[in-house]
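J.: This structure is in structure tokens; I'll ask about it shortly.
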Amino acid sequence: MQKIDLSETGLRAMNKMLHGQSEHTNQTTWEIVNPKGSHAIACGLDAPIEVTVKGSTGYYCAGMNQQATVNIHGSAGPGTGENIMSGKIVIEGDASQYLGATGHGGMIVVKGNASSRCGISMKGVNIVVQGNVGHMSAFMGQSGNLVVCGDAGDALGDSCYEARFFIRGEVKSLGADCEKKEMREEHLALLQQLLDEAGIDADPTEFTRYGSARTLYNFDVDNAGAY
Amino acid sequence: MNKLDPQGIPHTTPRQSATFTHDINSDIRRAAATGIYDIRGGGAKRKVPSFDDLLFLGASISRYPLEGYREKCETTVTIGGLNAENPIELDIPITIAGMSFGALSGPAKEALGRGASAAGTSTTTGDGGMTPEERGHSSKLVYQYLPSRYGMNPNDLRKADAIEIVVGQGAKPGGGGMLLGQKISDRVAEMRNLPKGIDQRSACRHPDWTGPDDLEIKILELRELTGWKVPIYVKVAGARPYYDTTLAIKAGADAVVLDGMQGGTAATQDVFIEHVGQPTLAIVRPAVQALQDLGMHRKVQLILSGGIRSGADVAKAMALGADAVAIGTAALIALGDNDPKWETEYNALGTTAGAYDDWHEGQDPAGITTQDPDLMARFDPVEGGRRLRNYLKVMTLEAQTIARACGKNHLHNLEPEDLVALTMEAAAMAQVPLAGTNWYPGKSGNSF
């Protein structure tokens, strides 16, 4: 295992080292200590490596991640995993706002809670939150899945497109054009698969599915009040 | 001659209202019939104070000119040398502004790349991501990082020669993009990860940062992602140019792109285009002042856009302190947009050449602002590229002509002292004297 003390190595040198790992590297396991809430830790990775950050991180940890697995043994700052393309991010603590914003693929798992705008503009990422999510989560969500084992705050899925939301607890309110949907067999199977992949033990039948009512897809003056 | 009524009393001349004009009345009738505000492309069409209201003084006894065709007048510009390992080196200070694949056809984007590359300048992606044809034909390509993040991926980011974080644009400060269902072809839908045929309303705010302190961290992330190799621009609308330029510099931008209200958009509400933002003439001096106050003028580059049409506009922008300009609408016209040769077809669409602005409907007779395969086939990207190159060369020659006449051996040596204004408004905005005086409104210590 490769160990980096961020307080000694510095952000630029650390990220350069991680970016230097090729597709076939044998240095597949990395540990970062003393992160001290630094921003942009392990952003832009593109190799099948596993990076564990021992502590809490600032903004944009693992931003635009490809292939890599990033474990955060602490809480994660705003925009963690933004625009993630593939790979996996696991946050042991809580996640701040904009988690996985515009993520195109891969998976983000939060063992604690995620703050507001979790999964904003999501474009294919799968996000599984063991606790609750804040207001405006999955705002303008285009595709992918947001699984919340606890409750969701106000305006869930506002102006969403084809993203799916599975919520086990209460939803404080639904956003514009977001509605409750029927939970069919294929959705139960998909949810079970997402929970398994996230390593979270929960019963899919306890969840409710939400998604776009598709009434705002094309402008209609009669819907002007919804905007 | 006035008519008389049966009693022999003359009629007054029928008088049109200056408030309820034919144009305004047609707007009201259209709104009443449809229930939807008017959406269109382009920039502000209303008359606003502009570079046309400025004149160069040229040489005289106190200043002597350079010989045309003999003495060199340089045009090169370096953008992003402050932080980037590989700054952008351009032969001419006229760049091509961001226009999306989606709003424009693939061949039109290719032509922009061809023309810009042949003229030694950069072109820019748009709201919709980077296409291979655009990357392939652009020797210097700026990748726009937009609120929607459509088509955004780190592989394309790393292929870019610079990154432009778009906060706003002059046509719609505070507004997001709009690409209506008619133009959402299979390819556009796939690139943007949205269903075909729906109206795409791009976000107006970035999803993962707000304010200047966050922007600083976002710039740090983008630099880390790209290894500090490429410059990072910040594009803002000309809303509050002094403060926005100050905050962009504070956040660590290598260049500030400032877009006035004449700057075009693919589509947005007409009311937005005509009533929000400031004219390009009015925004350049406050931005330059911000750069000077921070000691960053010529270190952080200022790229000005919004209604730039000629070498005279380029020279005036640079004399007021810009390092370079960007063109969008003018480049489309050079490619063949709104060409009178399609007049019959413009008429069939209820408009006329020069006035066609329903780019969002995807029926462009010139085959540029469309995704319709038959219309696209009318446009030849090689010929389009050649035309754009010619136009860029002419603009450069024009700007050089003016600079030489002012005794300048580089376009960057043009200065406000080379200019006078024709109107009080232009004098106040450009902070150059009203012609025939040594005074401009707001200037202290001098009287008219």
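Values in this text are rule-based calculations from the coordinates and carry no lab data. All figures in this text were calculated on a predicted structure; none of them were measured in a lab. Using ideal geometry, Cβ is built from the backbone for each residue, glycine included, and neighbour counts are taken over all protein chains shown.
J.: Could you give me D for the stretch A:137-209, from Stokes-Einstein at 4 °C and 1.567 mPa s, where the hydrodynamic radius is the Kirkwood radius over C-alpha pairs? Units µm² s⁻¹, please.
T.: It diffuses with D of about 106 µm²/s by this estimate.
J.: For a distance above 31 Å, tell me the whole-number percent of Cα pairs in the protein assembly as shown that qualify.
T.: Looking at the protein assembly as shown, the distances longer than 31 Å represent 57 percent of pairs.
J.: Next up: Work the Kirkwood hydrodynamic radius out for the stretch B:57-147: mean of 1/r over every pair of different alpha-carbon atoms, inverted, in Å.
T.: Roughly 15.1 Å, rounded to one decimal.
J.: Still on this model: May I ask what percent, to the nearest 5, of DSSP beta bridges between residues of the stretch A:2-212 are antiparallel?
T.: Working: 7 of 49 bridges.
The answer is about 15 percent antiparallel.
J.: Picking from A:TYR161, A:SER7, A:VAL171, whose Cα lies most toward the positive end of the charge dipole for the stretch A:2-212 (charges on Cβ: Lys, Arg +1; Asp, Glu -1)?
T.: Of the listed residues, the answer is A:SER7.
J.: Relative to the compact globular guide of 2.2 N^0.38 Å, what is the alpha carbon radius of gyration of the stretch B:215-348, as a ratio?
T.: 1.20
J.: So, with +1 on the Cβ of K and R and -1 on the Cβ of D and E, and no other charges, what is the size of the charge dipole of the stretch A:2-212 about its Cα centre, to the nearest 20 debye?
T.: So the magnitude is around 500 debye.
J.: Once every Cα of the stretch A:17-78 carries one equal point scatterer and solvent is ignored, give the base-10 log of I(q)/I(0) from the Debye formula at q = 0.25, 0.28 Å⁻¹, two decimals.
T.: Log10 of I(q)/I(0), two decimals: -1.00, -1.20.
J.: Hey, got the dipole for chain B? About the Cα centre, +1 on K and R Cβ, -1 on D and E Cβ, debye to the nearest 20?
T.: 420 debye
J.: May I pose another question? Calculate how steeply helix A:185-198 sits against the longest principal axis of the alpha-carbon atoms of chain A, using the helix alpha-carbon long axis, and give the answer as 0 to 90 degrees to the nearest 10.
T.: With rounding to tens, the tilt is 20 degrees.
J.: Rounded, prolate or oblate: which fits the stretch A:106-175 when a ≥ b ≥ c are the square roots of the eigenvalues of the alpha-carbon gyration tensor, with rounded for a/c under 1.5 and prolate only if a/b beats b/c?
T.: Judged from the Cα gyration tensor, the stretch A:106-175 comes out oblate (a/c at least 1.5, b/c at or above a/b).
J.: Return the tail of the calculated pair distribution for the stretch A:2-212, meaning the percent of Cα-Cα pairs more than 29 Å apart.
T.: 21 percent
J.: Shifting gears a bit: Sticking with the crude label model, points 7 Å out along Cα→Cβ, report the distance from B:CYS204 to B:ALA31 in nm, one decimal please.
T.: The two pseudo-label positions are separated by 1.7 nm.
J.: List the extent of the Cα atoms of the stretch B:334-418 along each of their three principal axes, largest first, rounded to whole Å.
T.: Projected onto its principal axes, the Cα set of the stretch B:334-418 covers 50, 27, 21 Å.
J.: Let me ask something else about it. Indicate, rounded to the nearest 5 percent, the antiparallel portion of the DSSP beta bridges found entirely in the stretch B:50-430.
T.: The answer is about 25 percent antiparallel.
J.: Dipole magnitude of the protein assembly as shown about its Cα centre, charges +1 at Lys/Arg Cβ and -1 at Asp/Glu Cβ only, in debye to the nearest 20?
T.: It comes to approximately 1300 debye.
J.: Taking only DSSP H segments of four or more residues, each worth -39500 (n - 2.57), what value at 222 nm results for chain B once the sum is divided by all its residues, to the nearest 500 deg cm²/dmol?
T.: Numbers: 15 runs with 149 residues, N = 448.
Value at 222 nm, helices only, nearest 500: -9500 deg cm²/dmol.
J.: Compute the Rg/Rh shape ratio of the stretch B:109-259: radius of gyration over Kirkwood radius, all on alpha-carbon atoms. Walk me through the intermediate numbers first.
T.: Working: Rg = 15.3 Å, Rh = 16.0 Å.
Taking Rg over the Kirkwood Rh, I get 0.96.
J.: How high is the FRET efficiency between A:HIS24 and A:ASP196 when r is their beta carbon distance and R₀ equals 25 Å, given to the nearest 0.05? Mind showing how you got there, number by number?
T.: Working: r = 29 Å, r/R0 = 1.14.
Computed FRET efficiency for A:HIS24 and A:ASP196: 0.30.
J.: How many percent of the alpha carbon pairs in the stretch B:14-61 exceed a separation of 19 Å?
T.: Above the 19 Å cut-off, the stretch B:14-61 has 58 percent of its Cα pairs.
J.: Given contacts defined as C-alpha pairs under 8 Å and at least six residues apart, what's the relative contact order of the stretch B:21-113, whole-number percent?
T.: Relative contact order, the stretch B:21-113: 12 percent.
J.: Continuing with this model, one more query. Tally Lys/Arg at +1 and Asp/Glu at -1 over every other residue whose Cβ is under 11 Å from the Cβ of B:PHE272; what's the total?
T.: -1
J.: Separation of the stretch A:179-194 and the stretch B:197-229 by C-alpha centroid, Å?
T.: 32 Å
J.: Something else now. How big is Rg to Rh over the stretch A:175-226, alpha-carbon atoms, Rh as the Kirkwood inverse-mean-distance radius?
T.: 1.17
J.: Would you calculate, for chain A, the mean residue ellipticity at 222 nm contributed by helices, counting each DSSP H stretch of 4 or more residues as -39,500 (n - 2.57) and dividing by all residues, to the nearest 500? Could you put the intermediate results ahead of the total?
T.: Working: 3 runs with 27 residues, N = 227.
Rounded to the nearest 500, the figure is -3500 deg cm²/dmol.
J.: Take chain A, mark every one of the GluC sites (Glu not before Pro) that falls in a DSSP loop and has at most 10 other Cβ within 10 Å, then report the longest stretch left between them, sites excluded.
T.: That gives A:24-181 as the longest site-free run.
J.: Could you bin all the Cα-Cα distances of the stretch B:50-430 into 10 Å bins starting at 0 and give me the percent of pairs in each, rounded to whole numbers?
T.: Calculated over all Cα pairs of the stretch B:50-430, the distribution is 5, 24, 35, 25, 9, 1, 0 percent.
J.: Can you list the lysines whose alpha carbon is less than 27 Å from that of B:LYS172, not counting same-chain residues fewer than 8 positions off?
T.: A:LYS123, B:LYS45, B:LYS47, B:LYS109, B:LYS140, B:LYS183, B:LYS196, B:LYS218, B:LYS235, B:LYS250, B:LYS316
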